[in-house]
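Asks: Have a look at this one.
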Amino acid sequence: MTRLNGNYSYLYLIIIAVMSWWLVKLTGSDEFGRIAAPAHSPDYFSKGYTKWEMSEFGIPKSKLIADEMIHYSDDSTTHMVNPFMFFYNEKTPPWVVKSESGILSADGKDLLLNGEVAVERAAAEGVRELKIYTSNLKVKPETSYAETGAWAKLVSLPNWTTGIGMKLTFADPIHIELLSNVKGNYETK
């Protein structure tokens, strides 16, 4: 007789478990754990972000620094606040590109610098200091190339040149081209 009562207790436990599962499904309370993330939400971030890229010989090729970096999961873009990009050359001081904000593409091949952008190269033996002021600059870090369709001003004192649209190659051979409406002021000796 005790053997039969023991079997009924297991049966009662199974019935209670099935009824509990059925009530959870009926009320939809199992959906509480599944909250959908907003469409464009960050999945990670960093304050004080730095990324180095080296050549195949271990020589610094470029460096990207930002006050803040936020990565978004939906499109895999990386948004930055106050990004600084350094392009290193063997023969000249590094090019420094800085902006108010920037967006790095998912594949890391395009860096769109928004707002005012300054590009600078310090003076050194055989090269003059050069400053470039523009906006909305698209940089291709992999190929050390940048371009914009916006107004640009090149300053290498005492000379300056302005134009609409610019193409710039940071690596040897360095190449700067203003595309239209080019005007300048050049001091002669």
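Asks: Of the conditions (1) in contact with a Leu (Cβ under 8 Å, 6 or more places away or on another chain); (2) not in a strand (DSSP E or B), Met85 clears all except one; give me its number.
Replies: Of (1) in contact with a Leu (Cβ under 8 Å, 6 or more places away or on another chain); (2) not in a strand (DSSP E or B), only one is false for Met85: (2).
Asks: If you don't mind, there's one more thing I want to ask. Output the residues belonging to the stretch 132-189 that are closer than 25 Å to Ile59 by Cβ and β-branched (Val, Ile, Thr).
Replies: Ile132, Val139, Thr143, Thr169, Ile174, Ile176 - these are the residues of the stretch 132-189 that are closer than 25 Å to Ile59 by Cβ and β-branched (Val, Ile, Thr).
Asks: Name the residue, out of Ile16, Ile70, that is in a strand (DSSP E or B) and at pLDDT 85 or above.
Replies: Testing whether each residue is in a strand (DSSP E or B) and at pLDDT 85 or above leaves just Ile70.
Asks: Considering only residues of the stretch 171-187 that are assigned to a strand (DSSP E or B) and aliphatic (A, V, I, L, M), which is modelled with the lowest pLDDT?
Replies: Filtering the stretch 171-187 for residues that are assigned to a strand (DSSP E or B) and aliphatic (A, V, I, L, M), the one modelled with the lowest pLDDT comes out as Val182.
Asks: If you don't mind, another one. Just the residues that are surrounded by fewer than 17 Cβ atoms within 10 Å (Cβ to Cβ), under 10 Å from the mean Cα position of the chain (by Cα) and either under 15 Å from Trp52 (Cα atoms) or modelled with pLDDT under 90 (or both), please, taken from the stretch 74-105.
Replies: Ser76
Asks: Still on this structure, I have one more. Tell me the residue from Ile70, Ile59 that is surrounded by fewer than 14 Cβ atoms within 10 Å (Cβ to Cβ) and of a type in the set (A, V, I, L, M, F, W, C), please.
Replies: Every option except Ile59 fails the conditions.
The values are calculated or read from the model by the stated rules, or taken from the named source; none is laboratory data. None of the values given here were measured: they were computed from a predicted structure. Positions of Cβ are backbone-derived with ideal geometry, glycine not excepted, and every protein chain shown enters the neighbour counts.
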